[in-house]
Amino acid sequence: MEIAIAWAGWLEASALGEQMRDSALLYPLANLLHLSGLVMLLGSMLFLDLRLLGVAREFDLEALSRRLTPVAICGLLILMLSGLCLFAADGAPLAVNRLMQIKLLLVALGVINALCFRRWWSARLPAWDDHPPLLGRLQALGSLLAWFAVMALGRLLAYL
């Protein structure tokens, strides 16, 4: 934890941190990019996870996954890059903020869950509707809850 706090302080004092604080455009632009990435990730995950839970069965699950996964990955990358810039503006206080720590933990759990889901269930998507695995459905529900919690915590950071 001390290493993370020291790194956050270094990042805040870096040229990036200074630019993020001093520029009238960079912080708002990073915020807009962060929101765009959130929409891409959360929107894709919402549709895919709801489909995995049995909603809108008229949409082919494999085709939906093939279309939405790249959008979700792109959204996650945008979130990570813009989040780093936003974090740089105020790194030291954010590093010790319990909401931020929980948010980052949930991001890690969301990514791990998605990777595990791909590994365990991708081959079974064609038969998903006939024999939906309980663990797979629980993972989809967990994904929804984790990503919505990440979004809520991110918004709360601005106010608490």
Treating only the Cβ of Lys, Arg, Asp and Glu as charged (+1, +1, -1, -1), what charge dipole size does the chain show about its Cα centre? Round to the nearest 20 debye. 340 debye
For the chain, longest principal axis from Cα atoms; helix 98-121 axis from its Cα atoms; angle between them, nearest 10 degrees, is 30 degrees
Compute the acute angle (0 to 90°) between the alpha-carbon long axis of helix 2-13 and the principal axis of greatest extent of the alpha-carbon atoms of the chain; round to the nearest 10°. 60 degrees
Starting from the Cα of residue 25, step 7 Å along the direction of its Cβ; do the same at residue 158; then give the gap between the two resulting points in nm. 2.1 nm
Cα long-axis angle, helix 26-52 against the chain (0 to 90 degrees, to the nearest 10): 20 degrees
Span from the segment 1-35 Cα centroid across to the segment 72-103 one, whole angstrom: 9 Å
Which of 70, 47, 4, positive extreme of dipole for the chain (C-beta unit charges): 47
At 0.36 nm per residue, and after removing the present C-alpha to C-alpha distance, how many nm does the segment from residue 1 to residue 129 gain when stretched out fully? 41.7 nm
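Just so you know, all these numbers are worked out from the coordinates, no wet-lab data involved. Predicted, not measured: the structure shown is a model, and the values here were computed from it. When we count neighbours, we look across all protein chains shown, and the Cβ atoms used for this are built from the backbone with ideal geometry, even at glycine.
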